Amino acid sequence: MKRFQFLAILVSLALLFSCAKKGEQKSSAYVAKVGSATITQDDVNREIKGLPDQIQKMFVGPEGTERFVDELVKKEILYQEAKKKGIENNPDFQKKVEEFRKLTMISLLLEKEIEDKAKVTEKDVKDYYESHKADMTTNNQIKASHILVKSEEEARKILEQLKKGGDFAKIAKEKSVDTASAKNGGDLGFFSRGQMVPEFEKVAFSLKEGEIGGPVKTQFGYHIIKVTAKKEGKVVEFDKIKDILTQKVTAEKQKTAFDSYIEGLKKSYNVQKNKEAIAAISQAKETTNTSAEKPDVAGTKPEGQK
């Protein structure tokens, strides 16, 4: 069902508003009355301060304040009308209230048990920055050669040859199935992060100049990699990425704390999963999707399918 445009702001702010209810005592002058409910100056100031900064800007100045009061009035009108219609006794409403109650309790629990225990200091962020400088470098490039073969067994035999002093370029020309690079002794030239498949790139960028690594399995086969040169790029200054790194370190620290907290709680609760019932849900979805896409006897798809 389409929503009325004038309710857009009202709906988006609904969970943030807490208007005055019947019979409440007020300590400041009222700005509006809706039936027996009163909205005071304190209500308006408190609710505006509770909004995100960007939304607060929508209600700056006398006109903005009046618009905000109008939204509070609309909400109170709709709230009273919903009560009159008996919406609070609707089963769907009761389910949503219970779900909201559950989520709010979980949020407060995590705030107490996780967020407060996973505070990130500037030292934490700087330590992360120092230990991940390679990832903070722009235009970092390496030059590498590789020998590509089809089996892991063959790759390991070649690796043994190289450890015993075998000539990398010569072996690449003889045995690499990457014919384009093989004729150049396996040389791939210079490349940056993101230009090679992830598995290959992860190992290649971890090697020192002159070092050989592998075998590395990719969709193409098994690679023996040799880094022959490096071009170090410029490390991004700490102050320029401090905020991003703070978010990242905070998220990682909270995830670690959350996982540890959950694992500890699992020992106190008897958790059982019915795998057959879970499989049945998945199977039912697959059956429904297959039926929806299956053509009828005339060879056409159900109405609405393209």
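The values are calculated or read from the model by the stated rules, or taken from the named source; none is laboratory data. These numbers were taken from a predicted model, which means no experiment stands behind them. Reconstructed Cβ throughout: ideal geometry from the backbone, glycine too, with neighbour counts over all protein chains shown.
Pairing each residue of the range 248-266 that is farther than 16 Å from residue 112 by Cα with any residue that is at pLDDT 90 or above and part of a helix (DSSP H, G or I), provided the two are 6+ apart or on different chains, yields C-beta distances under 6 Å for 249/124; 249/125; 249/128. The residues in the range 194-224 that are surrounded by 19 or more Cβ atoms within 10 Å (Cβ to Cβ), of a type outside the set (Phe, Trp, Tyr) and part of a loop (DSSP other than H, G, I, E, B) can be counted, and the count is 1.
On the stretch given as the range 135-176, residues that are under 41 Å from the mean Cα position of the chain (by Cα), surrounded by 13 or more Cβ atoms within 10 Å (Cβ to Cβ) and over 23 Å from residue 205 (Cβ atoms) total 1. Residue check: is residue 225 among the hydrophobic types (A, V, I, L, M, F, W, C) and at pLDDT 95 or above? It is true that residue 225 is among the hydrophobic types (A, V, I, L, M, F, W, C) and at pLDDT 95 or above. Of the helices (runs of 4 or more DSSP H) that lie entirely inside the range 52-164, those containing 3 or more residues that are touching a residue at least 40 places away in the same chain (Cβ under 8 Å) span 61-84, 122-131, 152-163. Determine if the range 92-109 includes at least one residue that is among the β-branched types (Val, Ile, Thr), at pLDDT 90 or above and crowded, with 16+ Cβ neighbours inside 10 Å. No, the range 92-109 has no match at all.
Scanning the range 222-256 for residues that are farther than 20 Å from residue 135 by Cβ and in contact with a helix residue (DSSP H, G or I) (Cβ under 8 Å, 6 or more places away or on another chain) yields 222, 223, 224, 226, 254. Check whether at least one residue in the range 130-152 is farther than 30 Å from residue 237 by Cα and acidic (Asp, Glu), and report yes or no. Yes, the range 130-152 contains a residue that is farther than 30 Å from residue 237 by Cα and acidic (Asp, Glu).
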